[in-house]
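The values are calculated or read from the model by the stated rules, or taken from the named source; none is laboratory data. Keep in mind the model is a prediction, meaning the values are calculated, not measured. Positions of Cβ are backbone-derived with ideal geometry, glycine not excepted, and every protein chain shown enters the neighbour counts.
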Amino acid sequence: MTRPAPADRLHPVVDLGGHLRRGANVIEVEVATPLINRLRVSQRAVFGVSARQAYGLMRPGTAGAVRPGRGAGMT
């Protein structure tokens, strides 16, 4: 399985046309978050006082045809 390139945060549209096959497909979205959010949980004694940073998916993604014959995309 090949992964598409990371999404551009300013234009978060990914063309998945070359990665899909006929029938059902499973799309897995991986979101990187600021390290401080992880450290707040794993090392509470040191970083527990830090505020959680809002980051990640802002809304559910949608999938659909970008243009007929041009594949599918996810926004």
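Within the range 56-68, if we keep just the residues that are over 11 Å from the mean Cα position of the chain (by Cα) and surrounded by 11 or more Cβ atoms within 10 Å (Cβ to Cβ), the residue that is modelled with the highest pLDDT turns out to be Ala63.
Residues that are assigned to a helix (DSSP H, G or I) and closer than 23 Å to Thr62 by Cβ: does the range 25-39 have at least one? Don't jump to the end; show me each part of the working.
As a first pass, look at the range 25-39 and keep what is assigned to a helix (DSSP H, G or I): 35-39.
Within this subset, residues satisfying the condition of being closer than 23 Å to Thr62 by Cβ are none.
No, there is no match, as no residue in the range 25-39 is assigned to a helix (DSSP H, G or I) and closer than 23 Å to Thr62 by Cβ.
Taking His19 as the residue in question, decide whether it is surrounded by fewer than 10 Cβ atoms within 10 Å (Cβ to Cβ) and either modelled with pLDDT under 80 or out of contact with any His (no Cβ under 8 Å at 6 or more places or on another chain) (or both). Before you say what the answer is, go through the steps one by one.
Working: surrounded by fewer than 10 Cβ atoms within 10 Å (Cβ to Cβ): no; either modelled with pLDDT under 80 or out of contact with any His (no Cβ under 8 Å at 6 or more places or on another chain) (or both): yes.
Judged against the criteria, His19 is not a match.
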